[in-house]
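This report refers to the structure that appears directly beneath it.
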Amino acid sequence: MEPQTAARYRLLDELRGLDLISMMLYHGMWDVVFLFGVAQKWYTGRPGFVWQQSICWVFLLLSGFCLPLGHHPFRRGAVVFGAGALVTAVTLLFMPEDRVVFGVLTLLGSAMLLTGLLEKPLRRIPPAAGFAISAVLFALTRNVSAGYLGFGSLRLWLPQTLYVNYATAYFGFYPWWFYSTDYFALLPWLFLFWVGYFLYGIVGRQRMEPLRCSVCPPLGWMGRHSLVLYLLHQSVILGVLTAAFRLVRAG
């Protein structure tokens, strides 16, 4: 399913590992603020939002960029989508007040499956054109969840009849009662994934040889096992923080 280690572009693995660490720190801070009640205005304000966006942008762009490097996008997409369904089931069962519905793994799995399904027509699009079109569509659909297409003062308001249930929420049109602590709909995020996908075509393998070198092997190991680490990290962080706060309060 993946190239052999000797043939890997190790810097891509290490960038994914670095982004994974950033995500773990972000989720750890989320636990501190929302589960343990330690108020942090910077985290709930603009700095925290920028941090969160930097994590998901890098993750999605890198995932789209790396998809052509592997094989069997349907199989990989099904595994990631299944992992997202597992996260949803576990949170609904054990912590429904902090449930994850249509989280980042569901999005990634869906993006991989759709890209695999549309592989032939997508490959006919010149990479530069595909990159530009995907970037424009991402910008235009960025505020679909807020009820409109466009950005700034250029807005096309969408009919509220689109925002009715879980099925529409999957695509980006979530109703007022929908709630998820981690929500990444197909719109606009599929287009950001495709920005990364077409960026690979622009760069080409001939110019990627420098990416085979390694700067920090432990980060590369994390990047290669990102799915497993993603599934495990929150329970480990929550356990460590729970123990730490008990010790502090006992002292």
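Quick note: the coordinates plus some simple rules give every number you see, no bench work behind them. As the structure is a computational prediction, the values presented were derived from the model and not from experiment. Because the Cβ atoms are built from the backbone with ideal geometry, glycine has one as well, and the counts that use them run over all protein chains shown.
Could you tell me which residue out of Cys66, Trp157, Phe173 lies farthest along the dipole of the chain toward its positive end? Charges go on the beta carbon: Lys and Arg +1, Asp and Glu -1, centred on the Cα centre. Result: Cys66. Under 5 Å from the amide H of Tyr148 lie the amide H atoms of Leu158, each residue being 5 or more positions distant or on a separate chain, with H modelled from the backbone and absent for Pro and chain starts. The string of couplings for the range 58-67 from the Karplus curve (6.51, -1.76, 1.60, θ = phi - 60°) is 4, 4, 6, 4, 5, 5, x, 5, 7, 4 Hz, one whole number per residue in order, with x for Gly and Pro.
Placing +1 on each Lys and Arg Cβ and -1 on each Asp and Glu Cβ, with no other charges, gives the chain a dipole about its Cα centre of roughly 420 debye.
For Met208 and Trp42 in the same chain, what is the full-extension length gain: residue separation times 0.36 nm, less their Cα-Cα distance, in nm?
Working: separation 166, 0.36 × 166 = 59.76 nm, distance 3.78 nm.
This chain segment gains 56.0 nm when fully extended.
At full extension, Phe94 and Leu162 could sit 21.4 nm farther apart than now, given 0.36 nm per residue minus the alpha carbon distance. Residue-wise HN-Hα couplings along the range 35-45, as the Karplus relation 6.51 cos²θ - 1.76 cosθ + 1.60 with θ = phi - 60° gives them from phi, are 9, 9, x, 9, 5, 9, 4, 5, 6, 7, x Hz; Gly and Pro carry x.
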